[in-house]
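In what follows, a structure is listed as structure tokens, so that the remarks can point back to it.
Throughout, read-outs are computed from the coordinates displayed, never taken from laboratory work. Computed from a prediction, not measured in an experiment: that's the story for all the values here. Reconstructed Cβ throughout: ideal geometry from the backbone, glycine too, with neighbour counts over all protein chains shown.
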Amino acid sequence: MNIETNGIHLHAIDTGHGEQTLVFLHYWGGSARTWQFVTGALAGSYRTIALDQRGWGESDAPQQGYTIADLADDAQGAIDALALARYVLVGHSMGGKVAQLLASRRPRGLAGLVLVAPSPPTPMLLPDEAREAMLHAYDTRESIGAVLDHVLSGSPLAPPRREQVIEDSLRGAPQAKAAWPNAAMREDISAAVAAIDVPVLVIAGELDQVDRVETLREQVLPRIAGAQLEVLAGVGHLSPLEAPDALAAAIRGFVGKLGGDGARTQQAVQGT
């Protein structure tokens, strides 16, 4: 399915059915299909919509427009185009930072927020040599494999899932690959996220080397009122591929606790 928004086409995978809709945003290097095993486990209970963010997967790759605000605008545009009346937003890593900013805008219909190994709202500052390494992390099959084995995953992925990661990372547009380490990960949205006013679950991987448990405890939880943390044992950064059933169970448990009045509407906030 293709969705036209903000002058581009975004590709989305729309599966499942149910009264509740879950919208998924992927990590830097991933695509909508990063979520396929999680959404497959949830599709019997919920409608699930996974987006290819601009520059990734099958979505358009304009030369500009890769700030966190741009990506949040894209996600909001897709939600509006699909006329979702009530939904839960799920963001992983880079997608988690995008989800935080979108949730801070208090969009109509947002019932809850799930942040999976999210990039913190504070700037991620790296030495120049580390940033340069990131810029070339997705250049070749070999470089992607090295990052996957030594940084991203806490345990070896099955060969088809490993190949999927390599294909998705290679396929990303150069401008999308460069935008995250050069700009978006340096953005500071910490003041904005204080406005988030829906239930929030933060899910961390015990072995995550990218967005570590202690980082999330220090940089995410204190900034979002009422946010709860759940740690997946023995899991690295790629929980949607390493432990999709455990991740789906955590999401299901969180969504199941959201009452019918959990969706806060912009109209209510404005008092109109």
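Listing for the model above:
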| quantity | calculated |
| --- | --- |
| Separation of alpha-carbon centers, region 159-218 and region 29-76, rounded to whole Å | 13 Å |
| Charge dipole (the chain, unit charges on Cβ, about Cα centre) - positive-most of Phe37, Gln164, Gly226 | Gly226 |
| Ranking of Phe37, Phe24 by count of other Cβ atoms within 10 Å, fewest first | Phe37, Phe24 |
| Relative exposure of Ser143, Ser93, judged by other C-beta atoms within 10 Å (fewest first) | Ser143, Ser93 |
| Fewest-first ranking of Lys177, Lys97, Lys257, using other Cβ atoms within 10 Å as the exposure measure | Lys257, Lys177, Lys97 |
| Percent RCO, i.e. relative contact order, over the chain, from Cα pairs under 8 Å lying at least 6 residues apart | 22 percent |
| Global geometry of region 2-270, whether rounded, prolate or oblate, following the gyration tensor of its Cα atoms and the 1.5 cut on a/c | rounded |
| Contact order relative to length of region 1-99, as percent, for alpha carbon pairs under 8 angstrom and 6 or more apart | 36 percent |
| Residue-averaged [θ]222 nm for the chain, counting only DSSP H segments that reach four residues, each worth -39500 (n - 2.57) | -10500 deg cm²/dmol |
